[in-house]
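Novice: Before anything else, here's the structure in question.
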Amino acid sequence: MSVASDVGTGPGGPGPTRRRHPAVRVLAAEIIGFRRNWRGWIMSSLGNPIAFLAAMGVGLGSLVDSGGGSATLDVEYVTFVASGLLAASAMQNGFGEGAWPVMAGLKWRRNFEAMMATPVRPRDLLAGRLLWGVVNFTGNLVAFAVVAMLFGALEPGPALMGILPALLTGIAFEAVATGYTASLGSDTGLTNAYRFAIMPLFLFSGTFFPIAQLPGVLQAVAVATPLYHGVELTRKLVLPGAAPPTVSAMPAWVHVGYLVVMLAAGWWWAARRLRGRLYA
Amino acid sequence: MAPPAVVARGLTKRFGDLTAVDGIDVTVAAGETFAFLGANGAGKTSAMRMIATVSPVTDGELSVLGLDPHHDGQVIRSRLGVVPQEDNLDLELTVRENLLVYGLYHGLPRTVIAHRIDDLLAFAQLEDKADAEVDALSGGMKRRLTIARALINEPDLVILDEPTTGLDPQARHVLWDRLHELRSRGVTLLLTTHYMDEAEQLADRLVVMDHGRIIAEGSPTDLIVEHVTREVLEVRFGTARQAESSDRLVALDLPEVESVEQLAERAIVYTRDAEATLDALGDHGLVPRGHLTRRATLEDVFLRLTGRQLVD
Ligand SMILES: Nc1ncnc2c1ncn2[C@@H]1O[C@H](COP(=O)(O)OP(=O)(O)O)[C@@H](O)[C@H]1O
Ligand SMILES: [Mg+2]
């Protein structure tokens, strides 16, 4: 790899320099941009889980637990929803990071184009953005876990267990969303993807109720969708003792395999689309 | 001796059926200031993007700083500064942060970046604006920041695509002054422009580009000597009489006149002696409503070669 020799050593330059991989440089630049937005980030990282757990977990939960829900679920409804929301919120964040910032980088803010005048290649840009996703989503998920603990929905140990599978879900969604965004001409496609893909996944992939509650055909559809695997994997790790229908009957490796393949395919696609866009 | 900054042989760029760059041959020596002069759509940006290694070469050969853009793009870009036609500064960052982020992309240590930022802010005359939002800068300041940003890696070659388009005359002069300074430091400059005065001001050598091809090459003075007379007489006969009068002017076939370009509102007469020509016109009853004698410029070269004006 030519990274070792890609630093300009013009006159007056210092001696040997530390050379970080270009993807790490992209991450460092993302963090500089983030420094200006951290307040908004904290607000949404804490605000969203508080709103959802209060409304869905506590409000709706008391109804579910006092009705037929307790017969179906192994755990309190608030715990069931919190474990599902870990993955579902990671999906939302993953889609969000792969959508608008990428469209902006290519069309509005055009910082991707600016990056291409440096040793950073499209693939480094992508790897750096996904790396930033890992950092960013981990922060989101930790905030979520803390809120869930405060609501009494999750114990610290199980909450911690849920972060890794949720993170995998988020990154897989970011990769695919990046590839999708890089193939779009305008942002109407993004609004549509949110409306017609992300929202239905959010509602029907097992986050709020076991998919066993769905009619047979829709169950098959739900099983094919990525969020289902993210939710089930996360819940399996958060609730190790739970049995179907609280968690899926599938072995965990099926869920892991699905998400890993999705991440790999999304990464490959996004790299291709970004190269096509930026190296015209 | 450093290799030439750029060597292109038969360099071609096609977008589908459209040939944007049509087999150009160019050699830019190290330390030289070299310009591509051409109207909009001539293929200047397409050529610059290939040289900046962000646009694959369709055909022909290209070497930049002695390296192959296809295989050594990363190394080339580490030694290149690029000022794109349209500013792509990060409007979400401050002036200083724009420079910092670029230094990071180049993999420079932060201590080095910090030093260079101070120097570059001084160079770009933006010290007062260091912590301002980029959005708040004037067009000329943005352009200077873009140039400063392109220098963060102390490049051997700086590519400037229409550096002063859209700037007011004063901002242009400030910018030219900065470019002269870079030049005197020995940095190789490759710029495109559709302003002949800019090419005349800055370039050691230039090529005139039209429809993807190079139609003339040389120093500004050489090109003027080669393609036009030193003196130029412009005559206006008024809209109604212009066409007919300039036809008659051509028909006179005056001995000192080399050629005539007939435009809608004026005729441009390339002549060895502007005063004598004007007198001769009077003698033949062709008294213009207005006239102007001036030195020939690159604009005239372009007009002579293509029959069109550079900027309309
Ligand atoms: N990415 C592109 N896709 C298709 N056509 C392009 C692209 N870039 C430039 N062109 C076309 O190539 C020609 C040359 O454009 P350009 O290199 O921008 O010229 P200039 O910079 O001299 O104005 C124009 O006809 C332009 O429309
Ligand atoms: Mg152009």
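Novice: Let's see if you can work this out: charge +1 on each Lys and Arg Cβ, -1 on each Asp and Glu Cβ, no other charges. What is the dipole magnitude of the protein assembly as shown about its Cα centre, in debye to the nearest 20?
Specialist: I would put it at about 2180 debye.
Novice: Whole angstrom only: what separates the Cα centroid of region A:199-241 from the Cα centroid of region B:145-176?
Specialist: 55
Novice: Could you state how much accessible area is buried at the A-B interface, both sides summed, with a 1.4 Å probe, in Å² to the nearest 100?
Specialist: Roughly 3200 Å².
Novice: Near B:Thr27, within a Cβ-to-Cβ distance under 12 Å, what is the net charge of the other residues, with Lys and Arg +1 and Asp and Glu -1?
Specialist: Within the 12 Å Cβ shell, the charges total -2.
Novice: Over the whole of A:21-31, what's the average partner chain Cβ count within 10 Å per residue? Rounded to a whole number, please.
Specialist: Mean number of neighbouring Cβ atoms from other chains: 3.
Novice: Another question, if that's okay. Treating the angle as unsigned and between 0 and 90°, give the value, to the nearest 10°, between the Cα long axis of helix A:252-278 and the longest Cα principal axis of chain A.
Specialist: The angle comes out at about 30 degrees.
Novice: Quick one: with all protein chains in place, what share of the accessible area of region A:21-278 is carbon or sulfur, to the nearest percent (1.4 Å probe)?
Specialist: 70
Novice: Antiparallel DSSP bridges in the protein assembly as shown: what percent, to the nearest 5?
Specialist: 65
Novice: In whole Hz and in residue order, list the ³J(HN,Hα) couplings for region A:88-102 that follow from phi through the Karplus curve 6.51 cos²θ - 1.76 cosθ + 1.60, θ = phi - 60°; x for Gly and Pro.
Specialist: 5, 6, 5, 4, 4, 5, x, 4, x, 5, x, 9, 5, x, 6
Novice: Further question on the same structure: What does the structure give for A:220-229 when I average, per residue, the other chain Cβ atoms found within 10 Å of the residue Cβ?
Specialist: Mean shielding by partner chains, rounded to a whole number: 0.
Novice: Calculate I(q)/I(0) for chain A by the Debye formula, one identical point scatterer on each C-alpha and no solvent, and give its log10 at q = 0.10, 0.13, 0.17 Å⁻¹ to two decimals.
Specialist: Results for chain A at q = 0.10, 0.13, 0.17 Å⁻¹ read -0.56, -0.87, -1.32.
Novice: Rolling a 1.4 angstrom probe over the protein heavy atoms, how many square angstrom per residue are accessible across region B:126-214?
Specialist: 37
Novice: Something else: With a ≥ b ≥ c the root eigenvalues of the C-alpha gyration tensor of region B:63-214, is it rounded (a/c under 1.5), prolate (a/b larger than b/c) or oblate?
Specialist: Taking the square roots of the gyration eigenvalues as a ≥ b ≥ c, region B:63-214 is oblate.
Novice: If you average 1/r over all unlike Cα pairs in the protein assembly as shown and invert the result, what Kirkwood radius do you get in angstrom?
Specialist: Evaluated on the protein assembly as shown, it is 27.9 Å.
Novice: What are the ³J(HN,Hα) couplings of region B:13-28, residue after residue, when phi is run through the Karplus curve with 6.51, -1.76, 1.60 and θ = phi - 60°? Round to Hz, x for glycine and proline.
Specialist: For region B:13-28, the Karplus curve yields 10, 10, 10, x, 7, 8, 9, 7, 10, 10, x, 8, 10, 9, 10, 10 Hz.
Novice: If you don't mind, there's one more thing I want to ask. For region B:103-143, which residues drop by 10 square angstrom or more in accessible area between the chain on its own and all protein chains together (1.4 Å probe)?
Specialist: Residues passing the criterion (a loss of at least 10 Å², heavy atoms only) are B:Leu104, B:Tyr105, B:His106, B:Gly107, B:Leu108, B:Pro109, B:Arg110, B:Val112, B:Arg116, B:Glu133.
Novice: If you don't mind, there's one more thing I want to ask. To make sure I understand the rule: partners must be lysines, Cα under 17 Å from the Cα of B:Lys44, and not fewer than 8 residues away in the same chain. Which ones qualify?
Specialist: Straight-distance partners of B:Lys44: B:Lys13.
Novice: Same structure, new question: Each residue of region A:59-65 in turn: what ³J(HN,Hα) in whole Hz from Karplus with 6.51, -1.76, 1.60 and θ = phi - 60°, glycine and Pro shown as x?
Specialist: Result, rounded to whole Hz: x, 5, x, 5, 5, 5, 5.
Novice: What does the helix-only formula give at 222 nm for chain B: each DSSP H stretch with n ≥ 4 adding -39500 (n - 2.57), the total divided by the residues, and the result rounded to the nearest 500 deg cm²/dmol?
Specialist: -11500 deg cm²/dmol
Novice: Output the residues of region A:87-122 meeting this criterion: accessible area (heavy atoms, 1.4 Å probe) in the chain alone minus accessible area with all protein chains in place is 50 Å² or greater.
Specialist: A:Arg109, A:Arg110, A:Ala114, A:Ala117, A:Thr118, A:Pro119
The values are calculated or read from the model by the stated rules, or taken from the named source; none is laboratory data. Predicted model, so just to flag it, every value in this text is computed and none were measured. Every residue, glycine among them, receives a Cβ derived from its backbone with ideal geometry; neighbour counts consider all protein chains shown. All accessible areas refer to the heavy atoms of the entire protein, side chains included, with ligands and DNA or RNA removed. Shrake-Rupley method; radii C 1.70, N 1.55, O 1.52, S 1.80 Å.
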